[in-house]
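Data first, discussion second: the structure below is written as structure tokens.
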Amino acid sequence: MTDAPDPVTVGAPLPANPGPMPSRPPRSQWRDVWDQFKSHKGALWGGIIFLAIVLLVFLGPIFWTYDPTFIDIRSRNQGMSWQHPFGTDQLGRDTFARMMAGGRTSVSVGIAAMLLALFLGSFVGVVAGFFRRLDSPLMRLTDLFLALPLLPLLLVMMLLFREPLNAAFGPERGIFILIVCAIGITSWMPTARIVRGDVLALKEREFVLAARSIGTTNNRLILRHILPNVMSPIMVSATLGIANAIITESSLSFLGLGFPPDFPTWGRLLFDATDYLQQYPERVIWPGVAISLTVLSVNYLGDGLRDALDPRIRGR
Amino acid sequence: MLTFTIRRLVMAVPTLLFISLVIFLLLELAPGDPMAQVPLTVPPEVKEKMREALGLGEPMHIRFWKWLVQFFWIEPQVLIDATFGTSFSQGDLRVISWQTRSPVMDIVVQRIPQTLWVVGTAYVVGVLIALPIGIYSAYRQYSIFDQAGTFVSMIGFSVPPFFSGVLVIVVFSVNLGWFPSIYDTTHKVVDWDSFVVQLQQMIMPVMVLALQITAQISRFMRASMLDNLNQDYVRTARAKGLGESVVVMTHVLRNSMIPVVTVIALGVPSIFGGAIITEQVFKVNGIGQLLIGAIQANDLPMVQTLAFIFAVLIVLFNLIADVLYGLLDPRIRYD
């Protein structure tokens, strides 16, 4: 709460004798947040593991220079070895390189879809909370979106817009845009609801009144005073949004409606590996563990962030 | 309360109409041609006739109106006919699937028992496991049990069903060989032995679905119990000298169940949606698999009807959750 002064101390007259000087220097809000966050071991580890996964999939190819699409049919179906740490698949492609390439796609889709959903959700939430006239129609819209059967609609959307987008942007970029948009459009509603609730409460606070009384325009009021104060629910939704987007993308790939077959993602790798379930069960394990571990670490991160950003819990 | 329920029911009608329109318009954009599978030797004018026979020749708004009439007026008549042996719907055109040329609702009625058996059992099992876990982890907050419960529910949140499903297949049917990996829907339960077989094939899908449900509901139960355990009335009850079991199981639990019951009601439709993937993994031919098959085969009437049924479920259970909340909690007044 950067702009909100304590309502009790503002009106009260200053005491004549301020008492002993505070022995410790004042602490910033983010310092408090970090201290609370650190004490949540699960969240700390979640953050570290998520960071490690992101670094590995984005920087790993610099050190592991195998081409994920290079077919070496003589060394197919190999187990784990120093040459191929995760083995090779039925065409002799290096699974470790494919896992990193798949992770790059899955994590990018997750982050991009989360940003889109967050933007839409915060926009709708702030507008609905701030402008009374738009509140009712926007919230009706949110309820309507919540009543849509999302997974069937996602599947239908994937089927419908695949061809035109492929033609416009090429097969890989087209499907990337499609998946990100589809997930973003179908997952902004929880954020919008939470943000609206917070904005409604913030709007009645004194600092908003003060800002308005010195002639702050609506735009500035929203950008400088309202938005910084709703950052904490937005950040929590962001972490949950990444987890949700990664799972949705993998589900689509698993149902065969995601990225094209030669373009690895974690969901696609898992889907392809189920054909060889009896002979090589470990091939299912790698992408499955990667998805689960990423989502688990992000969920723990979100849990810790929620505790750390909530001033009522902080300091307990 | 009654007026609120009626008002919500009336409000649900335009919502559902709008949703059906959205689904219809989305499908209208579909690039697929239902005639794609017809052999090339069939002349184009015959193909045009076949297309008209499917009802594709007419403009969009007429087809939407026809679908509405078929779904909301003729299908209920068919239901009445089937129940009471009357013949209201004689000769009326029903919603016809393009894949099989048989009425969509007949296929849906065939598929629903499979989904209900697997998903319904999983939901009941999940809730029954979740409630005690939630209660105990709230009562002993930050204990080993609570930490373990939190971890397990985090795993339930994070492991997607297509991975946990494949994982249990690897462990229990490939390595141990205990359960079949494919759900046999033609299996009929006639005696004890066939019941055991049915149980064996149900265990794995139920396990996978129940893990997710348990994870969500136990979190809610725990949070709700924690909210109530620090209330003043709990201290009063203890001060009166009531036993710990009465305080927790009667006073706190009853109040904590209010939000949990609504969450349980809200979760029912999303389970149908989430079960699409689980059905795909275990080859249960329920509604989820029907939907996937219809999407891949470009069977638009089927997709439209199924998606709409899912939407009806969501709206209906939202309504039930709201009404339940009002009934259970006397502090909530809608009027």
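The values are calculated or read from the model by the stated rules, or taken from the named source; none is laboratory data. Owing to the predicted nature of the structure, the values given are computational and were not obtained by experimental measurement. Cβ coordinates were reconstructed from backbone atoms using ideal geometry, including for glycine residues, and neighbour counts include every protein chain displayed.
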Name the one entry in A:R306, A:R220, A:R268 that is of a type in the set (D, E, K, R) and free of Cβ contacts under 8 Å to residues at least 12 places away in the same chain.
A:R220
The number of residues in the stretch A:231-258 that are in contact with a Lys or Arg (Cβ under 7 Å, 6 or more places away or on another chain) and crowded, with 23+ Cβ neighbours inside 10 Å is 2
Out of all the residues in the stretch B:18-25, is one or more modelled with pLDDT of 80 or more and over 22 Å from the mean Cα position of the chain (by Cα)?
yes
Index of the failed condition, B:Q99 passing every other in (1) modelled with pLDDT under 85; (2) in a helix (DSSP H, G or I)
(2)
Which numbered condition in (1) more than 13 Å from every other protein chain (Cβ to nearest Cβ); (2) within 27 Å of A:S122 (Cβ to Cβ) is the only one that A:A245 fails?
(1)
Do the conditions hold for B:V152, that is, is it closer than 28 Å to A:I285 by Cα and either in contact with a helix residue (DSSP H, G or I) (Cβ under 8 Å, 6 or more places away or on another chain) or not acidic (D, E) (or both)?
yes
What helices (runs of 4 or more DSSP H), lying completely within the stretch B:220-313, carry at least 2 residues that are of a type in the set (V, I, T) and either farther than 30 Å from A:L155 by Cα or more than 14 Å from chain A (Cβ to nearest Cβ) (or both)?
B:232-239, B:253-282
Only listed residue being under 21 Å from B:S158 (Cα atoms), part of a helix (DSSP H, G or I) and more than 11 Å from chain B (Cβ to nearest Cβ), chosen from A:G258, A:G304, A:G288, A:G267
A:G304
Take the conditions within 14 Å of another protein chain (Cβ to nearest Cβ), farther than 25 Å from B:A130 by Cα and under 21 Å from the mean Cα position of the chain (by Cα) and apply them to B:Q212. Does it pass?
no
In the stretch B:244-269, what residues are surrounded by 19 or more Cβ atoms within 10 Å (Cβ to Cβ) and under 15 Å from the mean Cα position of the chain (by Cα)?
B:I264, B:A265, B:G267, B:P269
Restricting attention to the stretch B:215-241, and to residues there that are among the hydrophobic types (A, V, I, L, M, F, W, C) and touching a Leu at 6+ places or on another chain (Cβ under 8 Å), which single residue is surrounded by the fewest Cβ atoms within 10 Å (Cβ to Cβ)?
B:M225
Failed item in (1) crowded, with 24+ Cβ neighbours inside 10 Å; (2) free of Cβ contacts under 8 Å to residues at least 24 places away in the same chain; (3) more than 14 Å from chain B (Cβ to nearest Cβ), with A:G121 passing the rest
(2)
Does the stretch B:180-200 include one or more residues that are part of a helix (DSSP H, G or I) and within 12 Å of another protein chain (Cβ to nearest Cβ)?
no
Cβ contacts < 9 Å: first residue over 19 Å from A:L269 (Cβ atoms), restricted to the stretch A:232-247; second residue surrounded by fewer than 22 Cβ atoms within 10 Å (Cβ to Cβ) and among the basic types (K, R), any location; separation 6+ or different chain. Result?
A:S232/A:R306; A:P233/A:R306; A:M235/A:R306; A:V236/A:R306; A:T239/A:R306
Going by what's in this entry, would B:Q147 be described as within 14 Å of chain A (Cβ to nearest Cβ), free of Cβ contacts under 8 Å to residues at least 12 places away in the same chain and over 16 Å from the mean Cα position of the chain (by Cα)?
yes
Working only within the stretch A:274-285, note down all residues that are facing chain B (nearest Cβ under 8 Å) and in contact (Cβ under 8 Å) with a residue 12 or more places away in the chain.
A:V284
Please specify each residue of the stretch A:158-182 satisfying the condition of being within 7 Å of another protein chain (Cβ to nearest Cβ) and free of Cβ contacts under 8 Å to residues at least 40 places away in the same chain.
A:L160, A:E163
Residues satisfying the stated conditions in the stretch B:72-93, i.e. under 22 Å from B:V312 (Cβ atoms) and at pLDDT 75 or above:
B:F72, B:W73, B:I74, B:E75, B:P76, B:Q77, B:V78, B:L79, B:I80, B:D81, B:A82, B:T83
